[in-house]
Amino acid sequence: MSAAPRISVFGSVNMDLVAYVDRVPGSGETVTGTAFRQVPGGKGANQAVAAARVGAEVAFLGAVGEDAFGEELRANLVDHGVDVSGLRTVPGVSGVAHIVVDGDGGNSIIVVPGANGEVTGVAEGDAATIEGGAALLLQLELPMKAVVSAARTGRDLGVPVYLTPAPARELPDELLSAVDVLVPNQHEAAAITGREDPYEALTALLEIVPEVLLTLGGDGSLHGRRGGEPVHVPARRVKAVDTTAAGDTFCGSFAVARAQGRGPEEAMRFAAAAASLSVQRHGASSSMPTRDEVEALLEG
């Protein structure tokens, strides 16, 4: 296996405030929770930690607020070996996510952007961090103009650009034209294409980007490249206790495996193993496995 690849993540960092319940309350209803946890998260930070834990050298680009959450979020990334020299501190509060996890491990999330909303584009010095990397990972929890700015920078520097289109929203052509690998889940793929069938959605997506990794939850993942045949890899069967950040774990792990020379199918199996370990633990970044844990599971 090759040396640790260098990966940049331009994205969000939030403090996750997680309530666990047997079932999610309806409108106007109050239910009693079973537990509460405060865990560092944010789709960008989650992908950064996931990639770092499975063997990449990761640099994170984004923003936190001047509050106590900001200090904790920065420290969490540092503790996981992520380079935070590109993580700015801006006036105001850090981003937060209010998450409700039900008895089956499913979740619903409200994100309040905070400092993430102050990121308007690639800052001075960010391009130097991105340049020469094996991948640039993007999501949609930052303002769209910021994501477009980063994607263009990656394209201009010849760095493969991965985009997780979440939260789902309309994707401008100027963004899609700079994306090398689109990583939606099945709901996001359906929202983008209007096609509920994953294979039909995959075909439609490959008309606008050259490579797609479509995650299907308990049904595994589906990969396609223009001119090639689709590849499906099933999910590992485990008892999920918390699916928060499972998709981010999958994406970060897949990007690292690809950067280290694994083919799409092998990288999907590596990412599936990582995600299966994460859903058996509570929290976001706190649930992500190490490379040794993933390799042990694959060997077993």
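The values are calculated or read from the model by the stated rules, or taken from the named source; none is laboratory data. None of these values were measured; they are calculated from a predicted model. Glycine also receives a Cβ, built like all others from the backbone with ideal geometry; neighbour counts cover every protein chain displayed.
Test Ser8 against the stated conditions and say whether it is part of a loop (DSSP other than H, G, I, E, B), surrounded by 18 or more Cβ atoms within 10 Å (Cβ to Cβ) and touching a residue at least 40 places away in the same chain (Cβ under 8 Å).
Working: part of a loop (DSSP other than H, G, I, E, B): no; surrounded by 18 or more Cβ atoms within 10 Å (Cβ to Cβ): yes; touching a residue at least 40 places away in the same chain (Cβ under 8 Å): yes.
No, not satisfied.
Given the criterion in a helix (DSSP H, G or I), more than 29 Å from Arg169 (Cβ to Cβ) and modelled with pLDDT of 95 or more, identify the matching residue among Glu265, Glu200.
The conditions single out Glu265.
Identify the single condition in (1) under 24 Å from Arg258 (Cβ atoms); (2) without any contact (Cβ under 8 Å) to a residue 40 or more places away in the chain; (3) crowded, with 17+ Cβ neighbours inside 10 Å that Gly117 does not satisfy, given that it satisfies every other one.
Condition not satisfied by Gly117: (1).
With the structure loaded, tell me whether Val24 is aliphatic (A, V, I, L, M) and at pLDDT below 95 or whether it fails that test.
Yes, satisfied.
Say we look at region 136-148 and pick out the residues that are in contact with a Ser or Thr (Cβ under 8 Å, 6 or more places away or on another chain) and not in a loop (DSSP other than H, G, I, E, B); which of these is surrounded by the fewest Cβ atoms within 10 Å (Cβ to Cβ)?
Taking the candidates together, the pick is Lys145.
Residues of region 152-190 being crowded, with 21+ Cβ neighbours inside 10 Å, over 16 Å from Val212 (Cβ atoms) and small (Gly, Ala, Ser), which ones?
The one that is crowded, with 21+ Cβ neighbours inside 10 Å, over 16 Å from Val212 (Cβ atoms) and small (Gly, Ala, Ser): Gly154.
Only one of these is buried (at least 22 other Cβ atoms within 10 Å of the Cβ), in a helix (DSSP H, G or I) and not small (Gly, Ala, Ser): Val58, Val49, Val78. Name it. Before the answer, list the steps.
Details: Val58 fails: in a helix (DSSP H, G or I); Val78 fails: buried (at least 22 other Cβ atoms within 10 Å of the Cβ).
It is Val49.
Filter region 82-99 for residues that are outside any strand (DSSP E or B) and over 17 Å from the mean Cα position of the chain (by Cα); which is surrounded by the fewest Cβ atoms within 10 Å (Cβ to Cβ)?
Checking each candidate, the answer is Pro91.
Which residues, taken from region 182-202, are free of Cβ contacts under 8 Å to residues at least 60 places away in the same chain and aliphatic (A, V, I, L, M)?
Start the filter on region 182-202 by keeping residues that are free of Cβ contacts under 8 Å to residues at least 60 places away in the same chain, which leaves 182, 184, 186-202.
Result: Leu182, Ala189, Ala190, Ala191, Ile192, Ala201, Leu202.
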